[in-house]
Amino acid sequence: MIFEPVQLNLPPHSFKIKHDASVTYIFDEIRRKYLVLTPEEWVRQHFVQFIIKDKKYPKSLVKLEGGLKLNSLQKRTDVVVFNPSGEKVLMIECKAPSVKISQNAFDQIARYNMVHRVPLLAVSNGLEHYFCKIDFERQSYQFLPQLPDYIY
């Protein structure tokens, strides 16, 4: 499957891309390996570069596709970012550009956050991005106009 990259609403970044007979691959600098380039992976790789290069989140504190157990089911988070103390500070859910950001995406990341308890959430399909700050003490949340820069 040859993937034709679409223009995203994220800063442009250069990527190592390679092709074989019928598959396109993108180099993931966090996991240090080539991955099949799907529409969701295109968004994930752009968003990771955005948080590292533009928002100054340290690459060494970014984890991709981490596992979690939710109601005895094995699930995967797209991106989790830690602070130097090992606390989770940002969780990102990525969707393909063709997937409209709906209540289902927010419900998914909220379910994951019942396990992770991360104070900052992001949902993106590469075209639309939503950022939310969670206040666990007050049991409330607030949507943010943009993703804060890394401050730890």
Of those in segment 31-54 that are touching a Lys or Arg at 6+ places or on another chain (Cβ under 8 Å) and of a type in the set (V, I, T), the residue surrounded by the fewest Cβ atoms within 10 Å (Cβ to Cβ) is I52
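Of A110, A122, A96, which residue is at pLDDT below 90, among the hydrophobic types (A, V, I, L, M, F, W, C) and on the phi < 0 side of the Ramachandran plot? Quick ask: steps written out before the conclusion?
Working: A122 fails: at pLDDT below 90; A96 fails: at pLDDT below 90.
On inspection, the qualifying residue turns out to be A110.
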Tell me, yes or no, whether segment 138-150 has at least one residue that is among the charged types (D, E, K, R), part of a strand (DSSP E or B) and touching a residue at least 12 places away in the same chain (Cβ under 8 Å). no
Among the residues of segment 1-25, how many are within 22 Å of M91 (Cα to Cα) and without any contact (Cβ under 8 Å) to a residue 40 or more places away in the chain? 1
Residue hits (segment 1-11; modelled with pLDDT under 90 and either not charged (D, E, K, R) or not in a loop (DSSP other than H, G, I, E, B) (or both)) are M1, I2, F3, P5, V6
Taking segment 72-117 as the region of interest, how many residues are in contact with a strand residue (DSSP E or B) (Cβ under 6 Å, 6 or more places away or on another chain), within 19 Å of E41 (Cα to Cα) and charged (D, E, K, R)? 4
Which residues, counting only those in segment 1-30, are surrounded by 11 or more Cβ atoms within 10 Å (Cβ to Cβ) and among the polar types (S, T, N, Q)? N9, T24
Could you list all residues from segment 128-149 that are over 25 Å from F50 (Cβ atoms), of a type outside the set (S, T, Y) and exposed (fewer than 10 other Cβ atoms within 10 Å of the Cβ)? E137, R138, Q139
Residue pairs within 6 Å by beta carbon, gap of at least six or interchain, first lying in segment 85-101 and under 15 Å from V6 (Cβ atoms), second modelled with pLDDT of 95 or more and in a strand (DSSP E or B), listed first then second, are C94/S124
Count, please, the residues in segment 89-137 that happen to be within 24 Å of P11 (Cβ to Cβ), within 15 Å of the chain's Cα centre (by Cα) and either outside any loop (DSSP other than H, G, I, E, B) or among the hydrophobic types (A, V, I, L, M, F, W, C) (or both). 22
Could you check segment 26-46 and list, in sequence order, the residues that are touching a residue at least 24 places away in the same chain (Cβ under 8 Å) and among the basic types (K, R)? R31, R44
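The values are calculated or read from the model by the stated rules, or taken from the named source; none is laboratory data. Keep in mind that what you see is a predicted model, and the values were worked out from it rather than measured. Every residue, glycine among them, receives a Cβ derived from its backbone with ideal geometry; neighbour counts consider all protein chains shown.
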